[in-house]
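Asks: Below is a structure I'd like to ask you about.
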Amino acid sequence: MMEERVTVSSKQGTLVGVRQQTVTRFSAIPFGQAPVGALRFKAPVPAEWSGTLDCTKRGPVAPQLPSRLARAVGDFEAEQSEDCLHLTVWTPAVGPKLRPVVVWLHGGAWQSGGGAIDWYCGASLAEKGDVVVVAPNYRLGALGWLYVPGQVANLGLLDQEAAIDWIVENIEDFGGDPDQITVMGQSAGASSIACLLARQPKFKRAIIQSASLGRGFWPAAQGALLGELLLEAAGATSLEHARRLPYDAFLVAQQAAPVVQALNAEKTGRALFCPVVDGEILPLDLDAALHNATGKADVLIGYTLNEMAAFPGWEINEASQCVGDEVFGARSRQWAADASAKGRNAWLYRFDYAPTKQFGACHCIELPFVFDALPTYDQAPMLASAKKEDLAVLTAQLQGAWIAFIRGGSPLWQGYPHLKIFE
């Protein structure tokens, strides 16, 4: 079957996408200039282009190592490039009708994943919900989250903001309504949403899935120490020297013994890379800012029953359940409570579907259902014993709820303190 080409005229030029059945996809749209050379370790700079842009082919993801959750979730293959500040748009139509928009921020401990992978194809959500889906990449690992005192911190967070800024300015060209934006994220992407809400968000609805808010974020001193060790392990004698190194040097460095030892010595369980409380991009009293942030958006928030089972070294037992609730569950419930107390609509859920004994309802297990992307998880051990009829029912339930929320309504159950359980 021939794929139909669809064009969109924007402020910068013409974009050419591809229509597949009822949804048109525009891939690898640049929202930021390639953060290479002098722009490496710098805040994102808006992309500049003109003429005609071919957006029919999937773009690269940020440089990364394989995910530490591959034992549960499986893995994916994708081209990697430092020139990764792109986003993908799926839209039912580019005509004058404006639809609600959902922006997807992927997880991966701020060091793996990407908006441009099949796991997060937005076609099903766009078609079934009559919404516009946007999935940006953001910088990962040292290239996005290295902290050097005196330099701009949290570049990956600024990338996410830059993508949202682009969406606000351009999404009408793709049939999206910039006044109806929901930002949706899981794991690192969900925690990033909390940080975005602690700043000056341009959205008023959020879907927060399995945010590790109970771990907190790096204080500046620890972030600086880890950054110093990482630059040393990469062989960088200065930040200017670090800008000239191949990006592989940083991927190797994040596995270096001094870096790993320093991370383990922290005993917080935090990822090597995560937002740093630097006092500029994120305020020093971040707890107060996050509490205030709960009043800035209506929220659909939740977690899975056996979060920790996906992570290396963990199995389902009393200890892992306690840690999982401390890291993911308790703070999700508190966010819903605080949002509700501040007059926001808040809906709380827990995902309990557990098709295997080993992984149970582990971290990430709801994602195939949200995106209706089960075929792309056919090698995922966490779904090894799943029954097709269960998968179909859960997909309909989750997508129906998420779409109802994205479209501005209730996700089909009572608000906080009610806890909706998917099983």
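Asks: As a check on your grasp of the helix formula, calculate [θ] at 222 nm for the chain: sum -39500 (n - 2.57) over DSSP H runs of n ≥ 4, divide by the residue count, round to the nearest 500.
Replies: -8500 deg cm²/dmol
Asks: At a 1.4 Å probe radius, carbon and sulfur cover how many percent of the accessible area of the chain?
Replies: 51 percent
Asks: Any idea how far apart residue 317 and residue 36 come out in nm if each label point goes 7 Å out from Cα toward Cβ?
Replies: About 4.8 nm, to one decimal.
Asks: Alpha carbon centre of segment 121-167 versus segment 260-302: separation in Å?
Replies: 17 Å
Asks: Students often get this wrong, so try it: which of [x] 0.94; [y] 0.99; [z] 1.02 is Rg/Rh (Cα atoms, Kirkwood Rh) as calculated from the structure shown?
Replies: Recomputing Rg/Rh (Cα atoms, Kirkwood Rh) here picks out [x].
Asks: Here's another thing I want to ask about it. Just how far, in whole angstrom, is segment 1-58 from segment 215-242 if you go by their alpha carbon centroids?
Replies: 33 Å
Asks: Shifting gears a bit: Per residue of segment 169-180, what does 6.51 cos²θ - 1.76 cosθ + 1.60 with θ = phi - 60° give for ³J(HN,Hα)? Whole Hz please, x for Gly and Pro, Karplus curve as stated.
Replies: Those phi angles translate into 7, 10, 5, 4, 4, 9, x, x, 9, x, 8, 10 Hz.
Asks: In nm, what is the difference between 0.36 nm times the number of residues separating residue 204 and residue 392 and their Cα-Cα distance?
Replies: Full-extension gain reported as 64.6 nm.
Asks: Using a Gaussian network model on the chain with a 10 Å cutoff between Cα atoms, which of 398, 213, 39 fluctuates the most?
Replies: 39
Asks: If I model a spin label as a point 7 Å beyond the Cα along the Cα-Cβ vector, how far apart are those points for residue 81 and residue 419 in nm?
Replies: 4.6 nm
Asks: When Rg is the radius of gyration of the Cα atoms in segment 236-296 and Rh is its Kirkwood radius, what does Rg/Rh come to?
Replies: On the Cα set of segment 236-296, Rg over Rh gives 1.10.
Asks: I would also like to ask the following. Hey, can you find the accessible area per residue of segment 99-232 for me, probe 1.4 Å, expressed in square angstrom?
Replies: For segment 99-232, the per-residue accessible area is 25 Å².
Asks: Provide the FRET efficiency to the nearest 0.05 for the residue 240-residue 48 pair, computing r from the beta carbons and using R0 = 25 Å.
Replies: 0.55
Asks: Moving on to the next point. Between residue 12 and residue 252, how many nm apart are label points set 7 Å from Cα along the C-beta direction?
Replies: In this crude spin-label approximation the distance works out to 3.4 nm.
Asks: Further, regarding this structure: What number comes out for the charge environment of residue 422, summing +1 per Lys or Arg and -1 per Asp or Glu over other residues with Cβ under 14 Å away?
Replies: With Lys, Arg at +1 and Asp, Glu at -1, the net is -2.
Asks: Among 249, 346, 310, which one moves the most in a GNM of the chain with springs linking Cα atoms closer than 10 Å?
Replies: Largest GNM mean-square fluctuation: 249.
Asks: Moving on. Using a 7 Å offset from Cα along Cα-Cβ at residue 19, what residues in segment 45-76 end up with backbone N under 18 Å from the label point?
Replies: 55-57
Asks: Here's something else I'd like to know. Which entries in 202/267; 202/342; 128/388; 57/357; 267/296 show an alpha-carbon gap greater than 29 Å?
Replies: Listed pairs above 29 Å: 202/267; 57/357; 267/296.
The values are calculated or read from the model by the stated rules, or taken from the named source; none is laboratory data. All values reported here derive from a predicted model rather than from experimental measurement. Positions of Cβ are generated from backbone atoms using ideal geometry, with glycine treated the same way; all protein chains shown enter the neighbour counts. These accessible areas exclude ligands, DNA and RNA; they are computed on the full protein's heavy atoms, side chains included. Shrake-Rupley method; radii C 1.70, N 1.55, O 1.52, S 1.80 Å.
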